[in-house]
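The values are calculated or read from the model by the stated rules, or taken from the named source; none is laboratory data. Bear in mind the structure is a predicted one, so any value in this text is a computation, not a measurement. Note: ideal-geometry Cβ built from the backbone for every residue, glycine included; neighbour counts use all protein chains shown.
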Amino acid sequence: MITLLTVVGARPQIIKAAALSRAIRSFFPDQIREYILHTGQHYDKNMSQVFFDELGIPEPDFNLSVGSASHGVQTARMIEGIEEKLLALKPDFLVVYGDTNSTLAGAVAAPKIHIPVVHIEAGLRSFNKSMPEEINRIMCDHASTLLFTPTPTGIKNLIKEGFQINSVPPFTSDNPACFHCGDVMYDNSLFFAQLAGSKSSIMEQNQLKVNEFILGTIHRDNNTDDPVRLTNIFRALNDISRNENLDVFLPLHPRTSKLLEKNLSGILLNEIRNNPHFKISPPVSFLDIIKLEKNARLIMTDSGGVQKESYFFEKPCIILRPETEWVELVENGTAIIADADKERILEAFSFFAENKTLSFPPVFGDGKAGIFICQQIIRAFDGV
């Protein structure tokens, strides 16, 4: 029996983990035993616990409860806690997702005690090292033994950094294996879309109509902590809402909600609050966000995950960042990088309003990434 310790800590990782856990449970229960460690990086119940409940992920076997802190303090606490559990459990592999501090902590702790790291969502690059996530993902990739990338672009990025794509077993951090597996989030979106349609009442609760609202998500600190950038984004959203008589639905991270009072002017805040079409909500569940994405006219986001999901559900996307890891979306013309520039956001909205026939070729796999990852973990364990 192969033993995995899966590390999660932030909301997107919990969702991604559902695909692998489901594949293990459905197809490999006699070959793989998974333990889940929650670092507690996101400790608000609405930001994590709801996902375990809703997505059928087993309750974490371990919870470090590190909470919020500076990057250094938070990561150090995680490394200490993860190392302690690794020494006690002695798993065959440690599995990490994406690019958070939880990811980095696992990638630092495991190789130093000779436990191979499996990095799911490897090879993604924004080419902007001012982003903490970029540092995390690069360092994790170069400490990993099995790297699973969701897109061909991810493979190209790894080749440019010296990874050998045709390496042969036995695999180690000095001789890693790289795979293009498709996207585990595509697995989840396909699996949960039907469930969301029947279980989520988010649209009825907020009086939203199909294809008659914009879904927005804003959480990156370079947007939320900068009054100029945050103001530009909210002015653009408010102008579009008023001029187009179009609802804007914006579920906000608790931290972002607190920063609105601090970083937006009183005048703009009053305009937003007096706009009946501008609807701000607490964080919503995964099934809710799936239903919102599937039924929105357009999506505006600084989230990498939501960018992808816009593509899964064939919705145009305006990216509120200066770059994206998901270059395929931009190259395909279904997403536009507008950054936090009000005029560029308005221009992107106008472009999509005038160009409603978009093409969404299948670049994120076949919806079976979780199964493929399990198969490759088994092969690596067997040395074949």
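The table that follows gives values for the structure above.
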{"item": "Residues of segment 121-158 that turn out to be of a type in the set (S, T, Y) and more than 14 Å from W326 (Cβ to Cβ), as a count", "result": "3"}
{"item": "Cross-chain or 6+ apart pairs with Cβ under 7 Å, segment 360-384 first and touching a residue at least 24 places away in the same chain (Cβ under 8 Å), then outside any helix (DSSP H, G or I) and acidic (D, E)", "result": "F360/E314; F364/D183; G365/D183; A369/D183; F381/D92"}
{"item": "Options A353, A369, A340: the member that is closer than 25 Å to L20 by Cβ, out of contact with any strand residue (DSSP E or B) (no Cβ under 7 Å at 6 or more places or on another chain), among the small types (G, A, S) and at pLDDT 95 or above", "result": "A369"}
{"item": "Residue under evaluation P91, criteria (1) assigned to a loop (DSSP other than H, G, I, E, B); (2) under 27 Å from S281 (Cα atoms); (3) modelled with pLDDT of 95 or more, criterion not met", "result": "(2)"}
{"item": "Residue ID - farthest from C374 (Cα to Cα), chosen from residues in segment 70-94 that are surrounded by 14 or more Cβ atoms within 10 Å (Cβ to Cβ) and within 21 Å of the chain's Cα centre (by Cα)", "result": "Q74"}
{"item": "Filter result for S285 (touching a strand residue (DSSP E or B) at 6+ places or on another chain (Cβ under 9 Å), of a type in the set (S, T, Y) and surrounded by 19 or more Cβ atoms within 10 Å (Cβ to Cβ))", "result": "no"}
{"item": "Single match in P276, P283 (criterion: modelled with pLDDT of 95 or more and part of a loop (DSSP other than H, G, I, E, B))", "result": "P276"}
{"item": "Yes/no for S173 being of a type in the set (G, A, S), crowded, with 24+ Cβ neighbours inside 10 Å and in contact (Cβ under 8 Å) with a residue 60 or more places away in the chain", "result": "no"}
{"item": "Those residues of segment 54-70 which are at pLDDT 90 or above and touching a helix residue (DSSP H, G or I) at 6+ places or on another chain (Cβ under 7 Å), in sequence order", "result": "F62, L64, V66"}
{"item": "Qualifying residue in segment 192-203 (condition: modelled with pLDDT of 95 or more and not in a loop (DSSP other than H, G, I, E, B))", "result": "yes"}
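Condition check ((1) in a helix (DSSP H, G or I); (2) among the charged types (D, E, K, R); (3) in contact with an Asp or Glu (Cβ under 9 Å, 6 or more places away or on another chain); (4) surrounded by fewer than 17 Cβ atoms within 10 Å (Cβ to Cβ)) across all residues:
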position: L329; (1), (2), (3), (4): yes, no, no, no
position: G333; (1), (2), (3), (4): no, no, no, yes
position: A340; (1), (2), (3), (4): no, no, yes, no
position: E343; (1), (2), (3), (4): yes, yes, no, yes
position: L346; (1), (2), (3), (4): yes, no, yes, no
position: S350; (1), (2), (3), (4): yes, no, no, yes
position: A353; (1), (2), (3), (4): yes, no, yes, yes
position: P362; (1), (2), (3), (4): no, no, no, yes
position: G365; (1), (2), (3), (4): no, no, yes, no
